[in-house]
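Taking it in order: structure first as structure tokens, then the write-up.
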Amino acid sequence: MRYLKVFGFLTATTALVTSCGTASTNQGEVKTPEPSITAISSPTASPVPKLRTISIVSSGDILLHERLWAQAKADGIDGNWDFYPQLADFEPVFSSADLSLCHMETPLAKLGVGYAGYPVFNSPPQIADAIARLGFDMCDTASNHSLDQGFAGIKRTIETLDAAGIPHTGTAVSEADASKPLIMDVQTENGIVKVGILAYTYGFNGFERDSDKLWSANKIDPASIIAEAKLARSQGAEIVVAKMHWGTEYSNKANSFQESVAKELADSGQIDLIDGSHSHSVQPLTQIGNTAIAYGHGNFVAAMREPTTIKSEGLVTRWEFVEDKKGKFSLSCVQEVPTLIRDDRPVRVIDVNKALATGDYLGETKKRLEQAKTRTDETVRSLGFTKFCN
């Protein structure tokens, strides 16, 4: 979590670092001059820039069912709800990345007013504090539930994220904001990398955007996505991530719409990473040309009350991009982190790899954790993707 400045929907509150560091200057040897001859040193050698690498972590849907509210209340102190303990197992994963991305699927309510779960959500705003504490650097808000509470819900959600210092994209409160790509200055070991982040959804569950506010929530249209990616690059973005809310629910395979849109975006040469959500189930990883694709991360946190099915399993991905000598970034490898939502109280989202390695199962059984890992491993590799980090 090392971003420095945000351009787009949110005014930056951190100072832009304008220098990425300079290499030391090497002087050539100076020979002892002969009498009456002026000594001249060799020219200063040009500094050799260090190539940059960047780690980008992404995760699945944050979908706040009532059972999660009850757990937040139980985990809180003095009546204050606290969602962090449910998610805390992943704080080291998110906080250690250069850039961590979240998907806030549901609109946020005013504190203490009108909370609602499925099918028309109005979620407790306390989740924003947990998101910030976990180490997420931004959240996208484009989903089939974006319009559950109308434009007022979009506005409340954005105001809540702003108050928590969380940059966002996918929905907007003004046409001016909607026209600005979110570009984040991400501090890496060898300098700043500018990352553009776009977010779109397939639809809105039958709700319609106000006719005078079609810009308020982004709907998937390849031409529009490619145009925004080009705009982001013209404004300095060196990597572009397209966060896509799409796919067939509860399916561990990409559908034809996902495949066709992914190919069109990849063929444009404008998108480095397609980061999918919505299906509530893990879907495959793949690569088309230079575009890395996660078709679906499943749920990060939800309470669908099916503890033995794929609805309780999810995926966190850590993508490593490296710079070449021409300044272009490409995927080096990805680390796959299977997740499991413990349904019994206390509800917890479990880092499956860590649990199996340490023997601390957070109340789950080893057998269930192994099942989640096996199913997730098989799914993410089902299209033949092999570019995993050692």
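Can you tell me, using C-alpha contacts under 8 Å and at least 6 residues apart, the relative contact order of the chain as a whole percent?
Working: 935 pairs, mean separation 64.5, N = 390.
Result for the chain is 17 percent.
For a footprinting-style exposure proxy, rank LEU198, LEU87 by other Cβ within 10 Å, fewest first.
The order, fewest Cβ neighbours first, is LEU87, LEU198.
Hey, fewest Cβ within 10 Å first, where do GLU159, GLU238 land in order?
GLU159, GLU238
Which one of GLY269, GLY203, GLY112 has the biggest mean-square fluctuation once the chain is modelled by GNM with Cα springs under 10 Å?
GLY112
Using only the alpha carbons of segment 45-134, determine the length spanned along each of the three principal axes and report them from longest to shortest in whole angstroms.
For segment 45-134, the Cα extents along the three principal axes come out at 65, 28, 19 Å.
With the crude spin-label approximation of a point 7 Å out along Cα→Cβ, what separation in nm comes out for THR308 versus PHE151?
Each label point lies 7 Å from its Cα, and together they span 4.9 nm.
Simple spin-label model, 7 Å along Cα-to-Cβ: LYS110 to ASP212 in nm?
2.2 nm
Suppose the chain between GLU249 and SER95 were pulled fully straight at 0.36 nm per residue; how much longer would it get relative to their current alpha carbon spacing?
Computed gain between GLU249 and SER95 is 52.5 nm.
Pick out, from TYR250, SER260, LEU101, the residue whose Cα sits farthest towards the positive end of the charge dipole of the chain, with +1 on the Cβ of Lys and Arg and -1 on the Cβ of Asp and Glu.
Among TYR250, SER260, LEU101, the one farthest towards the positive end of the dipole of the chain is SER260.
How much of the pair distance distribution for segment 244-314 lies past 20 Å, counting alpha-carbon pairs only, in percent?
29 percent
Would you mind calculating the relative contact order of segment 219-335 from Cα pairs under 8 angstrom and at least 6 residues apart, reporting the percent as a whole number?
Averaging sequence separation for qualifying contacts and normalising by length gives 20 percent for segment 219-335.
Angle between the Cα long axis of helix 222-234 and the longest principal axis of the chain, 0 to 90 degrees, nearest 10?
Between the helix axis and the principal axis of the chain, the angle is about 30 degrees.
Quick one: compute the contact order of segment 123-222, relative version, from alpha carbon pairs under 8 angstrom and 6+ residues apart, as a percent.
Value for segment 123-222: 32 percent.
Compute the length gained on full extension between THR374 and ASP344: take 0.36 nm times their separation in residues and subtract their Cα-Cα distance, giving the result in nm to one decimal.
Values: separation 30, 0.36 × 30 = 10.80 nm, distance 2.16 nm.
Fully extending the segment from THR374 to ASP344 adds 8.6 nm.
Just want the answer: with Cβ charges of +1 for Lys and Arg and -1 for Asp and Glu, which residue in HIS280, SER332, ILE239 is farthest toward the dipole's positive end in segment 235-354?
HIS280
Using alpha carbons only, how many degrees (0 to 90, rounded to 10) separate the axis of helix 66-75 from the longest principal axis of the chain?
It works out to around 70 degrees.
Have a look at TYR84, TYR118, TYR295 and tell me which one the Gaussian network model of the chain (Cα, springs below 10 Å) gives the largest fluctuation.
Looking only at TYR84, TYR118, TYR295, the biggest GNM fluctuation is shown by TYR118.
Please work out how many pairs of lysine residues in segment 176-253 are eight or more positions apart (or on different chains) and have Cα atoms closer than 21 angstrom.
Here the count comes out as 11.
If you take Kirkwood radius over Cα pairs in Å from the coordinates, which of (i) 24.2; (ii) 21.8; (iii) 31.2 do you get?
(ii)
Per-residue ellipticity at 222 nm for the chain, helices alone: DSSP H runs ≥ 4 residues times -39500 (n - 2.57), over residue total, nearest 500 deg cm²/dmol?
So the helix-based figure for the chain works out to -7000 deg cm²/dmol.
Round to a whole angstrom and tell me the spacing of the C-alpha centers of segment 64-107 and segment 284-353.
Each part's Cα centre sits 17 Å from the other's.
Quick check: convex hull of the Cα atoms in segment 301-390, volume per residue, rounded to a whole Å³?
118 Å³
For LYS366, list the lysines whose Cα falls under 20 Å from its own Cα; do not include residues on the same chain fewer than 8 positions away.
LYS311, LYS354
Nearest-5 percent of antiparallel DSSP beta bridges in the chain?
Of all bridge pairs located within the chain, approximately 60 percent are antiparallel.
Per the Kirkwood formula on distinct C-alpha pairs, the Rh of segment 100-197 is how many angstrom? Let's see the in-between values first.
Numbers: mean 1/r = 0.0712 Å⁻¹.
Its Kirkwood hydrodynamic radius stands at 14.0 Å.
So how tilted is helix 256-268 from the main axis of the chain? Cα-based, degrees 0 to 90, rounded to 10.
Roughly 20 degrees between the two axes.
Can you give the charge dipole size of the chain about its Cα centre, rounded to the nearest 20 debye, using +1 on the beta carbon of Lys and Arg and -1 on the beta carbon of Asp and Glu?
380 debye
Could you work out which residue, out of ASP360, ASP272, ASP129, moves most in a Gaussian network model of the chain, that is, has the largest mean-square fluctuation with Cα springs under 10 Å?
The residue that fluctuates most here is ASP360.
So how much slack lies between SER234 and ASP360, counting 0.36 nm per residue of separation and subtracting their Cα-Cα distance, in nm?
Length gained, SER234 through ASP360: 40.6 nm.
For segment 239-390, just the Cα set please: Rg and Dmax, both in angstrom.
Spelled out, the Cα radius of gyration and Dmax of segment 239-390 are 16.0, 52 Å.
What aspartates and glutamates could a cross-link reach from LYS326, if we take a straight Cα to Cα line under 12 Å and drop same-chain neighbours fewer than 8 places away?
Those aspartates and glutamates meeting the cut-off are GLU238.
With 10 angstrom as the radius, rank ARG305, ARG381, ARG209 by how many other C-beta atoms surround their C-beta, starting from the fewest.
ARG305, ARG381, ARG209
Any read-out appearing in this document is the output of simple, stated calculations on the displayed coordinates, not a laboratory observation. This is a predicted model, so every value here is computed, not measured. Neighbour counts run over all protein chains shown; Cβ positions are idealised from the backbone, glycine included.
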